[in-house]
There are 2 protein chains.
Amino acid sequence: MTDSVDDSTATSRRRFLRKGAVIGGAAIASGIVGNASAIDSSSKNLPPNVPEWMKVPGDPMGSQLYGTPSPFEKNVVKNIPKDLPQYLSASGRTPLQDLDGIITPNGLFYERHHAGVPAIDPAQHRLMLHGLVERPLIFTVDDIRRFPSTSQIHFLECSANPGYKKPYGKTASDLVGLLSCAEWTGVSMKLVLQEAGLRPEAKWVIAEGADAAALTRSIPIEKCFEDALIVYSQNGERLRPQQGYPLRLILPGFEGNMNVKWLRRLHVTAEPAYSREETSKYTDLMPDGTAREFSFYMEAKSIILRPSGGQRLDTKGFCEITGIAWSGRGKISRVDISVDNGKNWQEARLQEPILTRALTRFRLPWRWNGEPTVIQSRAIDETGYVQPTLAELIAVRGEAFYYHNNAIWPWRISADGEVSNAADD
Amino acid sequence: MTDSVDDSTATSRRRFLRKGAVIGGAAIASGIVGNASAIDSSSKNLPPNVPEWMKVPGDPMGSQLYGTPSPFEKNVVKNIPKDLPQYLSASGRTPLQDLDGIITPNGLFYERHHAGVPAIDPAQHRLMLHGLVERPLIFTVDDIRRFPSTSQIHFLECSANPGYKKPYGKTASDLVGLLSCAEWTGVSMKLVLQEAGLRPEAKWVIAEGADAAALTRSIPIEKCFEDALIVYSQNGERLRPQQGYPLRLILPGFEGNMNVKWLRRLHVTAEPAYSREETSKYTDLMPDGTAREFSFYMEAKSIILRPSGGQRLDTKGFCEITGIAWSGRGKISRVDISVDNGKNWQEARLQEPILTRALTRFRLPWRWNGEPTVIQSRAIDETGYVQPTLAELIAVRGEAFYYHNNAIWPWRISADGEVSNAADD
């Protein structure tokens, strides 16, 4: 049923690639040596033939001072749900199932904003730090850049990814596309707070964004001192406007909306703000009728990206299963995969580097026997937490919750190779 | 003279940021509380005032399905030397001094091509593997994607970065901008060769690109089995056309041109091809009149990016020195920095993760006393190799070489804070 291909076994590898056409015998006579009547589309661009694009010089340098993807990849773009009213409160999802590795390119990084994307002149932007501090301070972007800097690779995820609400969607992007990962560069929030000097009663920092929503979230002082960053760069270059240009917070492992974009104010207080985004929104209704507030951490989660919903296995045989796992609590320690609807599980290989609060890529060699099945992954993080099934999650959280749905997402593979979302069945 | 700020010393940190304006006393009266006559440009966008971009909804979602940088970053683009004849043999450099971290965003990844950038339809592209193999094979791009995959972060560097030829240029990008780093995803070349089965006499693999130059390089079979990759993705998304779309080689640590782009042929042979790019070009003329050929490895190297040529220190006091180091031989084990024209050296802090054959970011807290000086960095890799001065390099290589110039690059800081290339003096 499953056939794990050992990484060091050359013989089994020789079998798994079925589609590589063998050159030799009739193939040489009909394809490579130029028998026009027998040349098919798979051979006309092979040596000694020369494809059209080798017969003329290519695009000159300078046509793109800032590069863009190939026109043949024009469908790999942000995924905007058609049933969501867009504009004032909007989102665009990363097309995870089309991507590889752990770094999300900036052009495809997910976006979520509550009043559109402000166009901020960095020379005019200011960050105010005040409240329970010894010396209130005003910073320009250049002031922030003068601090000692640090670079960290971390994921960012919306807390409604997906919300607990059917239908969840067809593709991995529909399900968990409000998730991306980048290398962030900025300054430790601890350093900036120390610059102002905290008063003993300081327990929270209220962060405010410079968008028309003035998005406001309360951050426990412990997080500000642990690993919070005030960030200006993402994957090397300055933040994109959609990601908070020119300054944003990164609170590694905390729900996306707390990583306040277009950061303009840090107000140090003794109590949280109880802002709209931590009362009316981003709280979790529990079975006993209370609402869980300040549920900061994104718990361990994983999803298989290939094969995944909307894709199709066009042949039996070897098929690598690959996907991503992540945890707001730290590093991923293990990912298990089941290819028989949850009956048996086997451990996937984790790709180095395995970084804290970052995406971790996993892979498992698999051989599909052509029969219908359900495949799924579950993540375990370094705290020992195991990603739950949706049923297990509902048993604890009830039916009324919306945010922080980190359930296992199963994919159904039909006999004709079509892959669909088994959680929407 | 220098004052290393210990990471754990809050008191020294309180001193280094001179430009953060203190709110309080006269500042509160004149700026924050709205004394119109005293409000300067640094306060009008601070709470309780509201900047213009918070008064209207921002850009809606959907205006950019593939994101681009802020218009305020329009000058952060590839650096095209104006004195180089462009088109058939062209290059565009990464603006390293404007970037942070170790990942180069795809839009700014350096490019170097010998006959322009071909526009390749991936559905029409084929890769042929033939020569000293048991079973010659033809692969489509999808065939290559069906192999077990791997993702690795590696730098890529042109072997003439810079060529040994004055003037070297003004900025870090002018000097070593033919250098970038990305997370590559593809298949181990070893697996693909094993799929075809190598004959015992196989010693080299001749790689050919599908550009109008049909760029051709010979790769020792040992490298193909060590860590060579056939790559289709870069920083998550498919390769950009300038970086070899749809398939390219990545030979970690080997000079850039060997990482053949637009890969269409792997010809397994007993002898190297002695192609144009490994005879007329990319060989090193030595003092005894012979030419060193097949100088694959990019040796250990580093450069300070901030402060660097073309930048200006606008004030005395705290200034973080930061830059990048890399080695084709493995991991960077140490970077030393001198801030007194090479008299004394101190160890910089290396940013995790430190990956093999990848850029490593280094940082050193420094306090500029306002006097003219020369700053420089030197990299040491895990083999113990120490980056040489230009004089040391010339002593071994003579004056006739051009490629593989990995000398230390010193920056001169004048009394008015201007930073310039001390190697061009």
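The values are calculated or read from the model by the stated rules, or taken from the named source; none is laboratory data. Worth saying up front: this structure is predicted, and the values here are computed from it rather than measured. Here the Cβ positions follow ideal geometry from the backbone for every residue, glycine too, while neighbour counts run over all protein chains shown. Just the protein is used for accessible areas: all its heavy atoms, side chains included, with ligands, DNA and RNA removed. Shrake-Rupley method; radii C 1.70, N 1.55, O 1.52, S 1.80 Å.
Across the stretch A:181-191, computed HN-Hα scalar couplings (Karplus, 6.51 cos²θ - 1.76 cosθ + 1.60, θ = phi - 60°) run 8, 8, 8, 9, 10, x, 10, 4, 4, 4, 4 Hz from first to last residue, x flagging Gly and Pro. Take each residue in B:346-359, count the other chain C-beta atoms within 10 Å of its C-beta, and the mean is 2. Ranked from shortest, the separations from the 7 Å Cα-to-Cβ label point of B:Arg276 to its equivalents in the other copies are 6.3 nm. Projecting label points 7 angstrom from Cα along Cα→Cβ for A:Ala395 and A:Phe294 puts them 3.0 nm apart. Over the stretch A:272-327, Cα pairs under 8 Å with separation of 6+ residues give a relative contact order of 29 percent. At the residue level, B:Tyr66 shows approximately 50 square angstrom of accessible surface with a 1.4 angstrom probe and all protein chains present. For chain A, averaging the sequence separation of C-alpha pairs within contact (under 8 Å, six or more residues apart) and dividing by the residue count gives a relative contact order of 15 percent. Measuring with a 1.4 angstrom probe and ignoring ligands and nucleic acids, B:Lys165 comes out at about 140 Å² accessible. Where chain A is rotated onto chain B, the residue of A whose Cβ comes nearest the axis, and that gap in whole Å, is A:Pro353, 2.
Springs join every pair of Cα atoms under 10 Å in this Gaussian network model of chain B, and among B:Ala214, B:Ala291, B:Ala300 the largest mean-square fluctuation is at B:Ala291.
Distances between copies at A:Pro71, taken between label points 7 Å from Cα along the C-beta direction, are 2.7 nm in increasing order.
The GluC sites (Glu not before Pro) of the stretch A:148-221 meeting both criteria, a DSSP state outside H, G, I, E and B (loop) and at most 15 other C-beta atoms within 10 angstrom of the site's C-beta, are A:Glu201. Summed over both chains, the area buried between A and B is near 10800 Å², taken from the accessible surface of protein heavy atoms with a 1.4 Å probe.
On the protein heavy atoms, probe 1.4 angstrom, tell me the percent of accessible surface of the stretch A:106-292 carried by carbon and sulfur.
Roughly 52 percent, rounded to a whole number.
Placing a label point 7 Å from Cα along the Cα-to-Cβ direction at A:Glu399 gives distances to the equivalent points in the other copies of 8.7 nm, listed shortest first. The listed residues B:Ser218, B:Ser280, once ranked by accessible area (1.4 Å probe) with the largest placed first, stand as B:Ser280, B:Ser218. The residues of chain B have, on average, 36 Å² of accessible surface per residue, using a 1.4 Å probe with all protein chains present.
Can you give me the relative contact order of the stretch B:361-425 as a percent, contacts being Cα pairs under 8 Å and 6 or more apart? Once divided by the residue count of the stretch B:361-425, the mean separation gives 37 percent. Only protein heavy atoms count here; under a 1.4 Å probe, A:Glu418 has an accessible surface of about 80 Å².
Per residue of peptide A:225-236, the mean number of Cβ atoms on other chains within 10 Å of the residue Cβ is 4.
Taking the 1.4 Å solvent-accessible surface of the stretch B:301-424 as the whole, the part contributed by carbon and sulfur is 49%. Straight-distance candidates among the lysines for linking to A:Lys44, with alpha-carbon spacing under 25 Å and chain neighbours fewer than 8 residues away dropped: A:Lys19, A:Lys55, B:Lys261. Residues of the stretch B:98-113 that bury at least 10 Å² of accessible area once all protein chains are present, compared with their chain alone (1.4 Å probe, heavy atoms only, ligands and nucleic acids left out), are B:Asp98, B:Leu99, B:Asp100, B:Gly101, B:Ile102, B:Ile103, B:Pro105, B:Gly107, B:Leu108, B:Glu111, B:His113. Take each residue of peptide A:67-79, count the partner chain Cβ atoms within 10 Å of its Cβ, and average: the result is 6. In the protein assembly as shown, the DSSP beta bridges split such that about 95 percent are antiparallel, to the nearest 5.
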